[in-house]
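The structure under discussion appears below in the form of C-alpha cells.
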Amino acid sequence: MSDPFTTQLIHHPYTPPAGFDAVAPGVHKASTVLFPNVHALRTQEWKDKSGYTYGLHGTPTTFTLEERIATLEGGRFCVLAPSGLSAVVLVDMAFLRQGDELLIPDNAYGPGKAFAEGELKAWGISHRFFDAMDPADLASKLSPATRLVWLEAPGSITLEFPDVPALTAVVQEANRQRGASQRPIITAFDNTWGAGIAFNAFELGVDVSMQALTKYPSGGADVLMGSVVTRDAHLHQAVLMTHMRLGLGVGANDAELVLRGLNSMAVRYRAQDASTRDLAAWMQRQPGVVKVLHPALTDSPGHEHWLRDARGAACLFSVVFDEAFAQDRIDGFCDALQLFRLGWSWAGPVSLCAPYNVSSIRTAPWPYKGGLVRFAVGLEAADDLRADLAQALSVLTA
Ligand SMILES: *Cc1c(COP(=O)(O)O)cnc(C)c1O
C-alpha cells in the first residue's frame with residue numbers, strides 16, 4: 001500500500017519555462033546536486049566553477065556572490081565562509097604548517113589573535129605580534145620560519161592607519177632574499193573596513209584579501225559571512241582545498257541577503273562615511289574628550305597614509321575620554337545614549353557603541369589613561385545622532 005501521490009509529487013514532470021529574468025538572482029538550495037548520468041557524476045570537476053557537484057562545492061547563488069565579491073575587491077577568485085572569523089581561520093589553515101610562524105599586527109581584530117593563541121599554538125604554529133605603524137618592527141620580526149603576515153587597515157578599535165605599501169614591501173624584499181627554494185611569505189589583509197570601496201588591497205601589495213561580509217556587503221546586521229579573495233591561481237587553489245576539507249559552506253538564504261546588500265553597498269558606505277566624519281570632527285570639540293581616533297582627522301595616527309592610499313573612511317571612530325572620568329561614568333555615558341545602541345559589529349543600519357579597555361587587548365604601550373568608546377555610525381540622520389551624543393555627554397559631564 002502506498003499513498004497515491006507519494007512518488008508523483010517528488011518526481012514531477014513539470015518544468016517551468018526557461019528565460020525567467022528578474023533583478024534578484026535566484027536562490028538555489030542544495031545539499032544534493034543531481035547528475036544526468038554516471039559519467040557526469042564521475043567526471044564533473046568541482047574546482048573550477050564549470051558545473052555543480054554538491055552543495056558544499058557551490059550553487060548558482062554562491063558562485064554569483066563569489067564573482068561579485070571578487071570584482072568588488074579587484075581580485076580574480078573568491079571563496080565564501082560562514083563568518084568573517086571563519087574566513088580568517090581558513091586563511092591561517094590554508095597556509096600554515098607545523099613549525100611555521102605567523103605575524104599579526106598588535107592592533108588586529110581580536111578573535112583572529114585568539115585563534116593563533118589557542119589552536120595554532122597547540123598545533124605547533126607560533127605567532128608574534130608586531131607594531132603595524134613601524135615597518136622596521138615588522139622587518140625585525142621576520143624569520144626563516146615566517147610563513148604568513150596578517151595586515152589590517154586601520155587597526156581594530158584604535159584605528160591607526162598603517163603604511164600598507166611599506167609593510168608589503170618589507171615582505172616582498174624578504175621573499176626576494178629567500179629565493180625560489182624556500183616557501184614565500186604570504187601577506188593576508190583584513191579588508192573589512194575598506195570593504196573594496198576605500199582602496200584596492202591588491203594594489204597595496206597584499207596576496208590575500210579577507211573580508212567580513214557581515215559588515216558592509218550585508219549592511220543589515222542580520223547575517224554572518226566572510227570571504228577570501230585572491231588574484232593568484234595557486235593561492236586560490238590552496239584556499240579552496242582547505243575550504244573543501246573543512247566543509248565550510250554558506251546557506252543559500254544568507255548568500256541571498258548579501259547579494260541584496262551589495263546593490264546598495266557603495267551608497268551606504270559613502271553615506272555612513274560622511275556622517276561619521278561629521279560626528280568625529282564634532283566630538284573633537286566636546287569637553288571631556290582627549291582624543292578622537294578616525295583616519296581622516298589630521299592628528300589621528302597614520303592620517304598621511306590614509307590620505308595617500310584611501311578614498312573613503314568607513315563608519316567607525318573611537319573617543320578617548322579624560323582620565324578624570326572613571327570607567328563607571330563612561331559606562332553611564334554609553335547607557336545614556338538612545339540612538340547609539342550597545343552591541344558588537346558595525347556597518348548596519350543602527351548606530352552602535354561599546355567601551356573598550358585598550359591595555360587589555362594589546363601588548364604595545366598605549367599612551368592614554370582615560371577610557372575609550374568605539375562608535376559605529378549607522379544610517380540614521382547625522383543631526384539626530386549628534387543630538388544623541390550631546391545629551392549623553394551632558395550626562396557624563398554633569
Ligand atoms: C567583524 C570583523 C571580523 C569577523 O567577522 P564575523 O563575521 O563577525 O566573524 C573580522 N575582522 C574585522 C575587522 C571585523 O570587523
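Rule-based calculations on the coordinates, nothing more; no lab input. Since the structure is predicted, the reported quantities are computational estimates derived from the model, not experimental observations. Counting neighbours? That spans all protein chains shown, and the Cβs are built from the backbone with ideal geometry, glycine included.
Kindly flag which residue pairs out of Lys29/Lys113; Lys29/Lys215; Lys49/Lys215 have an alpha-carbon separation exceeding 28 Å in this structure.
Values: Lys29/Lys113 34 Å; Lys29/Lys215 24 Å; Lys49/Lys215 26 Å.
Check vs 28 Å cut-off fails for Lys29/Lys113.
Each of Gln338, Val373, Pro295 was placed along the dipole of region 265-397 (beta-carbon charges, centred on the mean Cα), and the one lying farthest toward the positive end is Pro295. Modelled label-to-label distance, Ala18 and Ala381, 7 Å Cα→beta-carbon offset: nm? That separation, rounded to one decimal, is 5.2 nm. Distance from the C-alpha centroid of region 6-78 to that of region 202-220: 24 Å, rounded to the whole angstrom. Amide hydrogen proximity for Leu379: with H placed 1.01 Å from N in the peptide plane, the residues at 5 or more positions away or on another chain lying under 5 Å are Val350, Ser351.
Rounded to the nearest 10 degrees, what's the angle between the helix 84-95 long axis and the longest principal axis of the chain, both from Cα atoms, 0 to 90? Value to nearest ten degrees: 70. Relative to the compact globular guide of 2.2 N^0.38 Å, what is the alpha carbon radius of gyration of region 55-262, as a ratio? That ratio works out to 0.96. Quick check: the angle from helix 233-246's long axis to the longest principal axis of the chain, C-alpha only, nearest 10 degrees? In the chain, helix 233-246 runs at an angle near 80 degrees to the longest axis.
Residues of region 177-204 with amide nitrogen under 15 Å from the 7 Å Cα-to-Cβ point of Lys141? Counting backbone N atoms under 15 Å from the label point, the list is 186-190. The Cα trace of region 265-397 gives Rg and Dmax of 14.3, 40 Å, the first to one decimal, the second as a whole number. On C-alpha positions alone, give me the angle between the axis of helix 382-397 and the longest principal axis of the chain, in degrees, nearest 10. Between helix and principal axis, roughly 50 degrees.
Using bins of 5 Å that start at zero, the share of Cα-Cα pairs per bin across region 199-283 amounts to 3, 12, 16, 18, 19, 16, 8, 4, 3, 1, in whole %. Fewest-first ordering of Lys29, Lys141 by other beta carbons within 10 Å of each residue's beta carbon gives Lys29, Lys141.
Secondary structure note: in region 265-397, about 90% of the DSSP beta bridges are antiparallel. Can you bin the chain into rounded, prolate or oblate? Criterion: square roots of the alpha carbon gyration tensor eigenvalues sorted a ≥ b ≥ c, rounded for a/c under 1.5, prolate for a/b above b/c, oblate for the rest. Here the chain falls in the oblate category. DSSP bridge analysis restricted to the chain gives an antiparallel fraction near 60%, rounded to the nearest 5.
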